[in-house]
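Data block below; observations after.
The values are calculated or read from the model by the stated rules, or taken from the named source; none is laboratory data. It should be emphasised that the depicted structure is a prediction, and the values quoted were computed from it without experimental measurement. In this analysis, Cβ positions are derived from the backbone assuming ideal geometry, glycine residues included, and neighbour counts consider all displayed protein chains.
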Amino acid sequence: MEEVDVEPTTTPIPGFDSNQKHLGFVWGPGDILVYETIYKASGGCPFVHEVRKDEDIYSPILRKLFNESHHIFVGLQRIREDLPSKNKKPQFVSISKNYRSVIRACMEELQQVAGILYHNDFLGTTLLSLELIWNLCEVLFIDAAPAGSLVLHLLDWVRLHKADVDEKAREVLASESPAEHQAYWDVPGETQTLTEFDVKWRHWREEVDRCLQDQSFASNPHLEDICKILVGDEDVLLEHKELLSTWYHFLVTRLLFSHPTVKPTELHYYAQSSMHMFLDTRSVPEPLDSILLAAFEFDIHQVIKDCSIALNNWWFVGHLTDLLDHCKLLQSHNLHFGSNLREFLLLEYASGLFTHHSLWQLAVDYFDHCPEFGRVYLELQIERVPLDTERKALKVIRICEQRQMTEQVRSICKIMAKKALRNNRLGSALSWSIRAKDAAFATLISERFLQDYCAKGTFSDLDLIDNLGPAMLLSDRLTFLGKYREFHRLYGEKRFSDAAKLLLSLMTAKIAPRSFWMTLLTDALPLLEQKEVIFSADQTHELMFCLEELTSGKSVPNPDRPMQVLGYPLSNVCFPFNLLIHCFIICSNLYSCLARG
């Protein structure tokens, strides 16, 4: 924990006074900065404030974006690397459009709920910017539109993000007299194909230039403006800049009427000049302007860098960089740079998802597809998932088991075992400890089972104990618990001979804890009292030897503990040791006589 002094004007933490407190900070998981204010005055507890960076993951609208894009991301990773690039390009373009469709769906949903539930201009603006940038990157980088069709692609890009132009055009065309409609001059038609436009444009250019020189339309200012627009008069275009709204709209309009066959390599010149011409020289370009300009300059790395700084989450840069890396567009300078950049951004995005109670599952697939550090990040983050329920714990364990993360499985099982034991759920605690292969904890829980049996005369969770199988070998105490339960089952089935043999072996093989020997010896009495001979003379002598060893040693059971005989209380008072010894002596002599015939 670092201690720093912070001026009151630089911290948003309420109630902070630099004259009275110091501010410490520590970086937590998922880009969470935890601030702790410490009082200098005596008494009172310090306040802890959490400042989260990735608050977007808690937005219902954006959670839809994260969930839907996750499926697209996973599908992209499955595209075979050995396919020729020309065969993969249509797939990459399709995937890019799928990403944009998800952004568009979130925008539409936001528009539907904004007037009813809440209004979030910031989120709406963010989504618009995301689609605008992604669409331009798709046109320039992923689809790589060639000269000739580039302007048409850009025209579609602008029209997609300037939807009111199409709406006005439909309104004008639907009117009885389109030429007299008030919005007629605001929407001159621009819906021709490339071939049609290329042929007609050259002819029109010559005709329009001649008409302007002859002042054929001087009597009609609107027609004259149209003519000047058709020849690409930049002054006239700027006079109507309110219809264009943005510099990049002005750029595409300028290219359409002046340079319809612009080459991609020439695009940066027109983009820079259009921005300078359109924007006020005193105004500072917005981050979005800088990002779009970097795209027009075909500077992919600058686009990613500026987006990382300007946007408030890692979703956009992570997914866009991943797609660009699959398109082999990031390796121009360094073969490993693109992959490293991709992995870094995906790791940051996935780490943020891990702080959310449900989105953490999406992060697992992102870590899986980060070959260098993804496994390390997953191992660190998976241990921080809150194990609120056993169902969630089982889900986390399944994820770990699929990836052979043995240590994490053991850690989670231990945590769940301790939690179950604190809640006195012995069966669940034992099950988790067995799954964790934790012999020490299994021994502890087995002891609790035996203590409960001595106190209540019954076993809880019989199904678990009856079906331990090979798991009972995890610890000696667990083995005894399973075998002792088997003795009870044999006795209940009246298989007295098998029950007696098992009971004796638990003592002679030193499997039973000495503290439980008296209970076992007491359990032998009903077998000694059967009409038929259950214990042989030798077996009875072995029981006597165990009793003598118990009473002569230091580990004598607590005489105040109520005794049980096969789960039933013998009496409310201590069962006398001498009486037990006397019973064994009588039975031993009787069996000896019977053995001699």
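This table checks each residue for (1) among the basic types (Lys, Arg); (2) under 23 Å from residue 71 (Cα atoms); (3) not assigned by TED's automatic domain parsing to the domain that holds residue 128.
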| position | (1), (2), (3) |
| --- | --- |
| 311 | no, yes, no |
| 343 | no, yes, no |
| 347 | no, yes, no |
| 366 | no, yes, no |
| 396 | no, yes, yes |
| 406 | no, no, yes |
| 413 | no, no, yes |
Could you please let me know if residue 285 is at pLDDT below 85, more than 25 Å from residue 208 (Cβ to Cβ) and either touching a helix residue (DSSP H, G or I) at 6+ places or on another chain (Cβ under 9 Å) or assigned by TED's automatic domain parsing to the domain that holds residue 324 (or both)?
-> yes
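Listed residues 491, 484; which is in contact with a Pro (Cβ under 9 Å, 6 or more places away or on another chain) and either aromatic (Phe, Trp, Tyr) or touching a residue at least 60 places away in the same chain (Cβ under 8 Å) (or both)?
Working: 484 fails: in contact with a Pro (Cβ under 9 Å, 6 or more places away or on another chain).
Criteria check complete, one pass: 491.
Within the range 279-303, restricting attention to residues that are small (Gly, Ala, Ser) and under 36 Å from the mean Cα position of the chain (by Cα), which residue is surrounded by the fewest Cβ atoms within 10 Å (Cβ to Cβ)? Give the derivation first.
In the first step, residues of the range 279-303 are kept if they are small (Gly, Ala, Ser); the result is 283, 290, 294-295.
Right, trim to under 36 Å from the mean Cα position of the chain (by Cα) and you get 290, 294-295.
On the way: 290: 18, 294: 21, 295: 24.
Taking the candidates together, the pick is 290.
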Collect the residues in the range 443-475 that are modelled with pLDDT under 80, more than 37 Å from the chain's Cα centre (by Cα) and assigned to a helix (DSSP H, G or I), keeping them in residue-number order.
-> 453, 454, 455, 456, 462, 466
Selection from the range 352-388 of residues β-branched (Val, Ile, Thr) and part of a helix (DSSP H, G or I) yields 364, 376, 382
Can you tell me which of 342, 398, 391, 410 is farther than 30 Å from residue 447 by Cα and either charged (D, E, K, R) or in a helix (DSSP H, G or I) (or both)?
-> 342
